[in-house]
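Asker: Structure incoming, see below.
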Amino acid sequence: MAFLIRRLAFYFVAVFVAITFNFILPRLMPGDPVDALFAAAAGRMPIETLEAYREMLGFVDGPVWVQYLQYLKSVVTFDLGPAIMMFPVPVTEVLGNTLPWTIFLAGFATLFSIGAGCFIGLYASFNRGGLVDRFVPFIWQFIASMPQAVTALFAFFVFALTLKWFPLGFGANPDLDPGWNLTYIGSVLHHAILPMVTLVVSMLATWIFTMRNAMVNVLGEDYITMARAKGLSSNRIMIHYAARNAILPVVTAVSMALGFAVAGQVFIETVYNYPGVGQLIIKSVSARDYPLMQACFLLIVLCVLAANFLADVLYVFLDPRLRK
């Protein structure tokens with residue numbers, strides 16, 4: 001319990017530091033949405049109109065520390081203001097509309113690649129020198145060595161543009177009304193297949209090699225030799241002895257991957273015009289939309305920290321030494 005309390009205190013400080021950086025970084029960018037609007041008006045906008053527009057968008061006048069306190073208040077109260085590029089839609093509503101798409105696409109692709117990659121790596125390491133160990137990691141490493149954007153563009157050109165097997169964009173057919181019916185759900189799945197497969201292909205090799213390398217290190221330990229000498233079955237040694245210890249370094253990588261999955265996959269969502277958080281980040285940065293930018297980055301930080309805290313809890317469960 002003392003271990004978890006210390007970790008909670010650490011994550012509380014980490015959240016505070018992240019919120020502070022989240023406030024500072026967008027303001028280091030040159031210009032803001034109001035200045036961009038004034039520049040686009042080419043001097044034809046009166047100063048009074050500009051100030052009224054600034055007040056309407058919720059920009060706080062005064063020193064930076066006053067703006068910082070206002071920002072802290074908005075974070076605590078979950079009142080993040082309106083999204084400037086979609087005014088007057090609240091930031092929370094914009095995130096609420098895009099987050100489910102990212103969780104569905106990047107979340108499922110990440111979970112599937114972790115499960116399949118760890119299983120293949122586990123099997124390959126326990127059967128070293130076999131067909132899977134010799135060829136599968138090599139093939140997937142060759143595929144994964146290509147940048148994610150290149151893989152996405154290649155798949156988009158071949159399967160969407162040329163063969164026309166899959167749609168060119170969107171999360172579903174825009175002509176359909178959203179709802180829990182087979183037609184709309186089928187359209188969502190059809191639009192998600194190509195970007196999801198692209199994500200899985202680009203991530204699978206990482207988990208194959210991560211699990212394989214961790215297992216190779218564990219299989220050389222004395223307790224594995226002792227387990228074999230006692231006549232235990234290969235499946236029991238692989239699952240109950242080797243895998244449980246090899247999974248410890250993998251847990252941290254998994255937690256980071258799940259945390260960053262909420263950020264979406266910027267390249268994938270941009271290439272396939274998928275309505276997720278990754279594409280929303282690109283649009284908010286281009287529009288200098290401070291409230292939306294800060295909300296996206298804050299969401300990513302909170303998810304990464306929450307995933308890391310979950311990894312700490314799992315470490316305590318998996319490794320009895322930490323309970324002491």
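FYI, it's all coordinate maths here, none of it is from the lab. Since the structure is predicted, the reported quantities are computational estimates derived from the model, not experimental observations. With ideal geometry, Cβ positions are generated from the backbone for all residues, glycine too; neighbour counts draw on all protein chains shown.
Asker: Among 273, 235, 173, determine the one that fluctuates most according to a GNM of the chain built with springs between C-alpha atoms less than 10 Å apart.
Answerer: Looking only at 273, 235, 173, the largest GNM fluctuation is found for 235.
Asker: Follow-up question, since we're still on this one. Which residue, chosen from 132, 300, 179, occupies the Cα position most advanced towards the positive end of the dipole of the chain, where the dipole is computed from +1 (Lys, Arg) and -1 (Asp, Glu) charges on Cβ about the Cα centre?
Answerer: My answer, from the dipole projection, is 132.
Asker: I've got another one for you. More than 33 Å apart: what percent of Cα pairs in the range 91-323 qualify? Provide the component values of the computation, followed by the final result.
Answerer: Working: 7863 of 27028 pairs.
Result: 29 percent of Cα pairs exceed 33 Å.
Asker: Could you work out how far the C-alpha centroid of the range 127-156 sits from that of the range 252-318, in angstrom?
Answerer: 25
Asker: How tilted is helix 131-144 with respect to the longest principal axis of the chain? Cα atoms for both, answer in degrees (0 to 90, nearest 10).
Answerer: Result, in degrees: 10.
Asker: Highest GNM mean-square fluctuation, the chain, Cα pairs closer than 10 Å: which of 165, 101, 140?
Answerer: Ranking 165, 101, 140 by mean-square fluctuation puts 165 first.
Asker: Using +1 at the C-beta of Lys and Arg and -1 at the C-beta of Asp and Glu, which of 95, 207, 168 has the Cα lying farthest in the positive direction of the dipole of the chain?
Answerer: Checked the options; the winner is 207.
Asker: Just to confirm a number: summing +1 for Lys and Arg and -1 for Asp and Glu over residues other than residue 221 whose beta-carbon lies under 13 angstrom from that of residue 221, what do you get?
Answerer: After counting each charged neighbour, the total is +1.
Asker: Name the most mobile residue of 229, 144, 257, meaning the one with the largest mean-square fluctuation, in a Gaussian network model of the chain with Cα contacts below 10 Å.
Answerer: Residue with maximal mean-square fluctuation among 229, 144, 257: 229.
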